[in-house]
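Notes for the one structure printed next.
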Amino acid sequence: MKKSIFLLLFPVCAALSATAQDTTGRAAFLAAQDSIRKLSVADHQRMLDQLGIRTLRSGPSGNPSAPNAANADESKATTYTSLPDPLVLKNGKKVTSARMWWTQRRPEIVEDFDREVYGRTPANLPKVTWEVASESREMNGDFPVITKKLIGHVDNSTYPALKVDIEMTLSTPANATKPVPVMMSYGFRFPPGFRLPPPPASASGKPEPTWQQQLLAKGWGYVVLYPTSYQADNGAGLTQGIIGLVNKGRPRKPDDWGTLKAWAWGAGRALDYLETDRAVDAKKVGIEGLSRYGKAAAVTMAYEPRIAIGFIGSSGEGGVKIHRRTFGEQVENVASAAEYHWMAGNFIKFAGPLTPNDLPVDAHELVALCAPRPVFISVGSPTVEGTWVDAKGMFLGGVHAGPVYRLLGKKDLGTTEFPPMETALVDGDVAFRQHAGGHTTGPNWPTFLAFADRYFK
Ligand code: GCU
């Protein structure tokens with residue numbers, strides 16, 4: 001398998017290689033995967049029926065040598081002629097003041113994203129009660145930390161057949177004398193027995209500090225939030241988890257929230273807990289995620305105003321990559337049975353009968369919803385990570401959010417020209433850096449932390 005593809009399919013490959021360690025486990029794992037796939041296809045079909053859609057266009061392949069490989073040629077990427085203007089109201093009037101943005105234009109954009117793209121987060125969601133399941137003092141490298149395992153129990157009294165818990169860990173420096181800033185990271189959950197490869201060694205032969213150790217070195221803390229603890233990462237799970245609980249186990253309606261919105265809801269509840277924990281400075285909580293969790297991080301930042309900063313890793317299609325660009329992953333891929341669950345059912349329409357050009361919003365407006373708060377857009381190298389994520393498409397998501405940042409008195413990316421690899425664009429409140437590594441935020445942590453310093457000092 002080509003490296004780039006492996007990296008993109010990392011969660012799945014990781015699971016496969018882990019279970020390969022014992023064959024019985026592997027057989028059971030594959031059977032479970034197959035059953036999830038079938039149930040997802042059935043739910044996807046049910047949504048197509050609700051939408052009255054007979055046929056869908058299929059997306060290109062992520063395998064660069066496939067005959068239908070996704071486009072990786074920049075000269076063929078910009079087939080669209082216009083992007084929705086974040087500063088023009090639906091009635092054609094120009095948005096000329098911050099007040100107009102907050103009271104008129106922003107609500108219009110939110111409504112479009114809610115109805116057509118990510119779905120509507122229900123009103124009156126059940127209460128979450130946090131339990132500190134354990135608390136321990138431990139060492140992370142050279143740093144003493146206090147780690148709490150936390151469980152957010154979701155009130156399921158309206159539908160006791162489903163039990164939903166939010167799982168996360170919080171680690172803060174043990175020697176802190178005051179509440180500390182915290183980065184919340186969406187964490188992948190690996191199957192039992194799976195171990196990540198050790199971090200690369202530095203010139204001195206010592207392993208490079210992990211992102212957690214980089215935070216601890218600054219005196220900051222970190223949360224790892226496990227989104228699949230409360231909403232599964234597949235269509236089969238849409239009748240379970242928090243989405244299923246609210247729908248009492250019934251399938252979604254076309255404008256119901258998708259998994260990304262559900263994950264973001266959990267991050268909001270995690271923040272509710274952090275506001276009650278005296279180790280944490282809850283005004284300085286950021287969100288980080290990679291890939292599908294990069295999409296989730298962007299959606300979280302856009303919809304949860306208490307999140308102070310965003311580190312959006314390789315979010316690609318459905319994240320901050322311009323949907324209309326014909327480069328890398330396409331709307332059609334996300335509308336397929338493998339990924340539609342991230343979005344509102346309505347999003348499928350844009351893979352037939354409609355097209356991405358018919359979307360009332362595009363990804364730059366998701367970044368604009370984060371304004372005026374700082375956002376750092378991260379991507380890896382096209383040769384190592386691959387071109388599926390569309391580095392330039394994400395860069396443009398940042399560029400075209402610029403007018404909104406400027407209207408709110410903040411600084412945009414500072415350029416509209418795609419920078420050379422490893423050039424940090426960090427002088428504005430929208431930042432961008434393409435690192436030389438693969439499908440990870442890893443190599444961008446030092447640059448992100450220097451950027452975050454400006455806000456969290
Ligand atoms: C697939 C998917 C992407 C996603 C990625 C990931 O490649 O097409 O949209 O971001 O998986 O989460 O690793």
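Projecting the Cα atoms of 89, 122, 100 onto the dipole axis of the stretch 79-126, where Lys and Arg carry +1 and Asp and Glu carry -1 at the beta carbon, places 100 farthest toward the positive end.
Residues 208, 365, 111, ranked from the fewest to the most other C-beta atoms within 10 Å, line up as 111, 208, 365.
Using 0.36 nm times the number of residues separating residue 129 and residue 204, minus their current alpha carbon distance, what extension gain do you get?
Working: separation 75, 0.36 × 75 = 27.00 nm, distance 4.62 nm.
Between residue 129 and residue 204, full extension yields 22.4 nm more.
Across the stretch 430-444, computed HN-Hα scalar couplings (Karplus, 6.51 cos²θ - 1.76 cosθ + 1.60, θ = phi - 60°) run 10, 10, 8, 8, 9, 8, 8, x, x, 7, 6, 8, x, x, 8 Hz from first to last residue, x flagging Gly and Pro.
First check a/c for the chain, with a ≥ b ≥ c the square roots of the eigenvalues of its C-alpha gyration tensor; if it is under 1.5, answer rounded, and if not, answer prolate when a/b is larger than b/c or oblate otherwise. Please report the intermediate quantities before stating the final value.
Details: a/c = 1.22, a/b = 1.09, b/c = 1.12.
Rounded, because the longest to shortest axis ratio a/c is under 1.5.
The magnitude of the dipole of the stretch 25-112, with charges of +1 and -1 set on the Cβ of Lys/Arg and Asp/Glu and taken from the Cα centre, is near 200 debye. Projecting the Cα atoms of 318, 230, 298 onto the dipole axis of the stretch 206-320, where Lys and Arg carry +1 and Asp and Glu carry -1 at the beta carbon, places 230 farthest toward the positive end.
How large is the helix-only mean residue ellipticity at 222 nm for the chain, computed as the sum of -39500 (n - 2.57) over DSSP H runs with n ≥ 4, divided by its residue count, in deg cm²/dmol to the nearest 500? Numbers along the way, then the final one.
Details: 13 runs with 134 residues, N = 457.
When only DSSP H runs of four or more count, the value is -8500 deg cm²/dmol.
Projecting label points 7 angstrom from Cα along Cα→Cβ for residue 35 and residue 138 puts them 3.2 nm apart. Peptides 265-271, 31-37 ranked from most to least packed by the mean count of surrounding Cβ atoms within 10 Å: 265-271, 31-37. Net charge dipole, the stretch 226-328: roughly 320 debye, given to the nearest 20, about the Cα centre with Cβ charges of +1 for Lys and Arg and -1 for Asp and Glu. Put in line by how crowded their Cβ is, counting other Cβ atoms within 10 Å and starting with the fewest, 100, 168, 394 read 100, 168, 394. The listed peptides 375-382, 61-68, 148-155, ordered by packing as a protection proxy, come out as 375-382, 148-155, 61-68 (highest mean of other Cβ atoms within 10 Å first). Each residue in 272, 43, 114 was given a count of other beta-carbon atoms within 10 angstrom of its own, and listing them fewest first yields 272, 114, 43.
Sequentially through the stretch 209-226, phi angles give Karplus couplings (6.51, -1.76, 1.60; θ = phi - 60°) of x, 6, 4, 5, 5, 5, 5, 4, 4, 8, x, 9, x, 8, 10, 10, 9, 9 Hz, Gly and Pro residues having no value and appearing as x.
To the nearest 20 debye, what is the magnitude of the charge dipole of the chain about its Cα centre, counting +1 on the Cβ of each Lys and Arg and -1 on the Cβ of each Asp and Glu?
Values: 51 positive and 44 negative charges, 108 e Å.
With Lys and Arg at +1 and Asp and Glu at -1, about 520 debye.
For residue 217 and residue 88, the FRET efficiency from 1/(1 + (r/R0)^6), where r spans their Cβ atoms and R0 equals 60 Å, is about 0.85. Between the amide H of residue 69 and those of 61, distances stay under 5 Å, these residues lying 5 or more places away or on another chain, with hydrogens modeled in the peptide plane. Provide the FRET efficiency to the nearest 0.05 for the residue 26-residue 338 pair, computing r from the beta carbons and using R0 = 22 Å. Efficiency, rounded to the nearest 0.05: 0.55. Coupling constants for the stretch 338-348 follow from the phi torsions by the Karplus curve (6.51 cos²θ - 1.76 cosθ + 1.60, θ = phi - 60°), and in residue order they are 7, 9, 4, 4, 5, 10, 5, x, 3, 4, 4 Hz; glycine and proline get x.
What is the distance in Å between the Cα centroid of the stretch 127-142 and that of the stretch 30-91? About 39 Å separates the Cα centre of the stretch 127-142 from the one of the stretch 30-91. Candidate cross-link partners of residue 163 among the lysines, defined by an alpha-carbon separation under 18 Å and a same-chain spacing of 8 or more, comprise 127, 248. Between the C-alpha center of the stretch 207-254 and that of the stretch 285-339 there is a gap of 14 Å.
The residue among 216, 452, 243 whose Cα reaches farthest toward the positive pole of the charge dipole of the stretch 115-456, with charges on the beta-carbon of Lys, Arg, Asp and Glu, is 243.
For residue 221, nonlocal amide neighbours, meaning residues 5 or more places apart or on other chains whose placed amide H falls under 5 Å from its own, are 182, 183.
Values quoted throughout were computed directly from the atomic coordinates according to the rules given, and no laboratory measurement underlies them. Fair warning: this is a prediction, and the values are worked out from it, not measured in the lab. Ideal geometry is used to build each Cβ from the backbone, glycine not excepted, and the neighbour counts take in all protein chains shown.
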